[in-house]
Amino acid sequence: RKEVEQDPGPFNVPEGATVAFNCTYSNSASQSFFWYRQDCRKEPKLLMSVYSSGNEDGRFTAQLNRASQYISLLIRDSKLSDSATYLCVVKGPGLNTGNQFYFGTGTSLTVIP
Amino acid sequence: EPEVTQTPSHQVTQMGQEVILRCVPISNHLYFYWYRQILGQKVEFLVSFYNNEISEKSEIFDDQFSVERPDGSNFTLKIRSTKLEDSAMYFCASSSVTTEAFFGQGTRLTVV
């Protein structure tokens, strides 16, 4: 069973569209939740952390539902520059000690002019 | 802004050779990680390191792989005898107890 599951897409949307990505996680002991963005051949970079109360950063809104173990990312008014892979990442206890980050497969987004 | 740095950015090596990938994590972080990403595929966990020892490793991290923190700043990944299928982007990351993972820019390893 995968720790984090995402729809890999691809999502191809026109400029200005609203697009939503979903993610589920399996470990109820997970502590922190993130969306990362990864451009082709680059490192993943933090887009935003996800909080139970939901949080918004400009055109981006992230939601967390702990009861359903579900995380979402909404992008409004898509820009060409939003084209990237979006990674759902969950931080939780490792098998032994310390923290561990669990990655989804990533969802590919292409915004079309 | 503190960042994770990795060297080299690109390494080409012959099959069977040993390679060492180097990383300098963010200085006050306690947890260190190596991930790899084969072109077009997902980010895969290799190993995590805490308190000067491996805390977790994946099935990929077999006897050909090892990690070291030889001094207070560097964190290295060694592949003893590279195979063609080791060709990938290798990312180092670090975190503290409370933060997200911060990634280095990666080392692209090409095994020929």
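The values are calculated or read from the model by the stated rules, or taken from the named source; none is laboratory data. Predicted model only: the values in this text are computed from it and were never measured. Positions of Cβ are generated from backbone atoms using ideal geometry, with glycine treated the same way; all protein chains shown enter the neighbour counts. Ligands, DNA and RNA are stripped out before the accessible areas are found, and what is left, the full protein with its side chains, is counted by its heavy atoms. Shrake-Rupley method; radii C 1.70, N 1.55, O 1.52, S 1.80 Å.
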For A:Ser83, all conditions in the list (1) buried (at least 21 other Cβ atoms within 10 Å of the Cβ); (2) more than 10 Å from chain B (Cβ to nearest Cβ); (3) free of Cβ contacts under 8 Å to residues at least 60 places away in the same chain hold save one; what is the number of the exception? (1)
Looking only at segment B:32-42, decide whether some residue is away from chain A (no Cβ under 14 Å) and among the β-branched types (Val, Ile, Thr). no
Matching residues in segment B:5-20 - criterion: being open to solvent by 30 Å² or more (accessible area, probe 1.4 Å) and not in a loop (DSSP other than H, G, I, E, B): B:Thr5, B:Thr7, B:His10, B:Gln11, B:Val12, B:Ile20
Residue in segment B:59-78 that is nearest to B:Phe32 (Cα to Cα), counting only those that are out of contact with any Leu (no Cβ under 6 Å at 6 or more places or on another chain) and either buried (at least 20 other Cβ atoms within 10 Å of the Cβ) or within 13 Å of another protein chain (Cβ to nearest Cβ) (or both): B:Phe75
So A:Met48 fits all but one of (1) loosely packed, with under 15 Cβ neighbours inside 10 Å; (2) within 14 Å of chain B (Cβ to nearest Cβ); (3) over 16 Å from A:Tyr102 (Cβ atoms); what number is the exception? (1)
Please determine whether any residue of segment A:23-42 is more than 14 Å from every other protein chain (Cβ to nearest Cβ) and either closer than 20 Å to A:Thr85 by Cβ or free of Cβ contacts under 8 Å to residues at least 12 places away in the same chain (or both). yes
Among strands (runs of 3 or more DSSP E) entirely within segment B:62-112, at least 2 residues that are among the aliphatic types (A, V, I, L, M) occur in B:75-79, B:88-95, B:107-111
Considering only segment B:21-45, state which residues are in a strand (DSSP E or B) and either within 28 Å of A:Thr107 (Cβ to Cβ) or not basic (Lys, Arg) (or both). B:Leu21, B:Cys23, B:Val24, B:Tyr31, B:Phe32, B:Tyr33, B:Trp34, B:Tyr35, B:Arg36, B:Gln37, B:Glu44, B:Phe45
